[in-house]
Amino acid sequence: MTRWGEPFREGDSLATAAVVDQAQIAIVVIDRFSRLRYWNPFARELFGFVGGRDYVGRSLLDIGIHESDREHASQLARRVLRGDPWEGTFAVLRGDSTWIHVRAQAVPMRGEDGEIDGITLIAREALRSGRVEEQYGLMERIGTRLAGSLEFDSTVEGVAGILVPQFADHCFIDLYEGERLIRRVSVHAEGWTPPPNTWFGVGDEVRYPERHFVTQALRRLETFVSSDHLFANSPNVRSDQVSRQVGVTSAIAAPLRARGEVLGVLTLALSGLSPRHKSTYGGFDRDLVGAIASRVALAIDNARLFEEERRTAEAFQRSLLPSRFPSLDGLSLSHRYLAAGPFHPHHGHGAQVQAGGDFYDAIPLSAGRVGLVIGDVEGHGPYAAAVMGQLRAALRAFAQADREPADILQELDEWVRQLGETDEEGETWVPSVSCLYMVYDAWSRELSYANAGHAPPLLVTSDSVEKLDLEVTDRLLGVRAKGGAGEDIVYHQANLQLPAGATLLLYTDGLVNRAPGGEADHERAMARLVERVAEVADKDVEQIAEAALHSVPGDRVDDTALMVVRADSERLALREGWFRSEASTVGEARHLAASTFKDWEMDRDQAELACLLVSEIVTNVVIHATPHPVHREFTSGGVRDSELPFDQGGADDEFDEDWSDLLEAVAETEEGEAEDPEKKEFLLRIRRGASRVWVEVFDNDLRLPRIRSAAADDEGGRGLYLVDQLASRWGARPTPDGKAVWFEMPMHSPEGEQE
């Protein structure tokens, strides 16, 4: 061949295979599935292929690519198969267990039809020749790692994992906490670990001698290289001995400075842990480490700021949610909340903390019943969290007033509309909210609920895990149909009964809207959730909650709230009896209460006190009993009664407690009445929990009682005052046929519990 482009003379012909075999650069060919198809002799030497082992058909990852770089290598393959060349550096563990870093260039390999059939990888060892571009390949890898995380620990540990063993055998990162210098990272090549009580460990306070090279670097605020007299100023004798044993030959200390503040120091050292061609650092290495330290310091400062912002956001979020619940009779309960993961720059957004609007609650109601809530406010950020906090407070207030589930959602729907924001165009944006509110009675296992567009809970039994069959599901809160027709915004409620020992898993959509490596697949996520929960169905609620929380892998693109509730009626009991609304039955009702408290082994003093309050409430019922029962309906237009047996406009119709002459009047009325006595009855119901009793009295009177101020010479008017003073809690709520008055008492006196 006389000039470039001319063919060899016939006698000088040289096969292409011979050229590739003699090339002092690694050439590897892989197919579309990243399986090895060809490598030249230099590639076998570079990657340290074990002699006699057949590598054909093995994955590219099997040639020893370090675990931390495997995703990097997979991305390389996908990029090149799309037709784009790639160049970069990754770590390789050779067959002889030595580490090298490889600088590689990958290009697509096309067939005769132009289709990409595989990848040609051309590689050489990085940093071996000391070329400037290879040294800055290290900067590229560190920059990529720093840009990929805002987590403090992963940031500093990731940098150390790149520097060791590519550039150093030992890497230390010490950071200031106030005036103290604390070791945060300590990484060594070949998995080596310094003996205890020799070198400072992670979490230890680090104190360097005055003339130590790290002290000089911090004092001068410049990168300092030390190769001579390394052992002259060791922190202690044991540290000096280990440094000599491991063969430390050179070290670099670079101050970590960001925004005018010294955060700490980065220290790198060479030793005999890994084979290298050079044993000391030079001026170029000093400048390179100084540049790396500047990037690392800025990344650490950003990570610290992000961690502080995240802690603030999470504290704000958690302050709006219940941290713990009181003891709830007949229920075992566990709850979890996870904020969404941060937006990263590579997701197309600025890095920001993800506050959210998911919420849950368990609200003690009258007579041992419990209100269970799960919901989700549209959107993310502080506004969604603020709306959630206000919504939860309003819902709790409505619930504790013993409103019906449908009525509560009706009120919340109107309330959410008042939270709308006006945008730049003058239009009002109203957040949409999903909310499921349920009232559970542990004694009857009855569940009364209303649902504003929320996903149904999972019903977990010993035999199956399936979605709870909800008969009614209405619109989201804040969403009104065009035209605003009244029937479009009515919320309905329904009742169902849970199986004995059943468990409910209430959750928000963030639990299943996760995307492991692609688009979210809701059906697949639900299947994984059901499968994982079924595996722990017989465990306690804490284990079920933990299993459910981590059942679906993938990035958390939305915040997640969940609550696990299990019905447990073993320690519950109930007795009840119907009585005619007559003065003579007050003693009968008291006798039922007294015998019940005795059978339940209630403290004698507490039982007598409770019997007194039973007498007061029952006497109220007898005095104010409605002659003609009425039926109350809860409609979209409000409460509607079938008939009103009293004049609503008269002052005498107010529920009054002046009993001075009423018992005599009741007795006289009973003698002359010919009405059906069954229509003048009341129900006395007594419930027992783990340590408390509830007494309820149901009658047909629609008027709710109130405490009145009795004058000194009044003979009555103090009944409800006594109930208010002596009971732990008391109240009254409307029912479809009238009202229920109730009170709560502990079964044992505080003195008895202390004994």
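The values are calculated or read from the model by the stated rules, or taken from the named source; none is laboratory data. The shown structure was predicted, so the numbers you read here are calculated from the model rather than taken from an experiment. As a convention, Cβ positions derive from the backbone with ideal geometry for all residues, glycine included, and neighbour counts pool all protein chains shown.
Some notes on this structure:
- Check on Ala494, surrounded by fewer than 16 Cβ atoms within 10 Å (Cβ to Cβ), modelled with pLDDT of 85 or more, within 21 Å of Tyr437 (Cβ to Cβ) and not β-branched (Val, Ile, Thr): yes
- Residue count, segment 105-127 (criterion: in contact (Cβ under 8 Å) with a residue 60 or more places away in the chain, closer than 18 Å to Arg141 by Cβ and among the aliphatic types (A, V, I, L, M)): 2
- Members of segment 30-60 that are within 15 Å of Ala104 (Cβ to Cβ) and not β-branched (Val, Ile, Thr): Ser34, Leu36, Trp39, Asn40, Phe42, Ala43, Leu46, Phe47, Leu60
- Test for Tyr383: is it within 18 Å of Arg733 (Cα to Cα) and not in a loop (DSSP other than H, G, I, E, B): no
- Candidate set from segment 514-527 (those that are in contact with a strand residue (DSSP E or B) (Cβ under 9 Å, 6 or more places away or on another chain) and either assigned to a loop (DSSP other than H, G, I, E, B) or aromatic (Phe, Trp, Tyr) (or both)); member that is modelled with the highest pLDDT: Asp521
- Counted residues, segment 553-596 - those being under 28 Å from Gly510 (Cβ atoms), in contact with a helix residue (DSSP H, G or I) (Cβ under 7 Å, 6 or more places away or on another chain) and either assigned to a strand (DSSP E or B) or of a type in the set (A, V, I, L, M, F, W, C) (or both): 5
- Among the conditions (1) part of a loop (DSSP other than H, G, I, E, B); (2) at pLDDT below 90; (3) buried (at least 19 other Cβ atoms within 10 Å of the Cβ), the only one that Val416 does not satisfy is (1).
- Criterion applied to Val185, Val164 was being part of a strand (DSSP E or B), under 22 Å from Ala291 (Cβ atoms) and in contact (Cβ under 8 Å) with a residue 24 or more places away in the chain, and the one residue passing it is Val185.
- For first residues located in segment 319-333 and at positive phi, partners that are small (Gly, Ala, Ser) and crowded, with 17+ Cβ neighbours inside 10 Å and lie 6+ apart or on another chain with Cβ distances below 8 Å form the pairs Gly330/Gly368; Gly330/Ala442; Gly330/Ala567; Gly330/Gly689.
- Search result, residues across segment 733-745 that are modelled with pLDDT under 90, among the β-branched types (Val, Ile, Thr) and in contact with a Pro (Cβ under 9 Å, 6 or more places away or on another chain): none
- Residue-level check: of (1) at pLDDT 80 or above; (2) closer than 17 Å to Arg590 by Cα; (3) of a type outside the set (Val, Ile, Thr), His748 misses just (2).
- Counting only strands (runs of 3 or more DSSP E) that fall entirely inside segment 196-273 and contain at least 3 residues that are surrounded by 18 or more Cβ atoms within 10 Å (Cβ to Cβ) and modelled with pLDDT of 90 or more, the qualifying elements are 250-258, 261-270.
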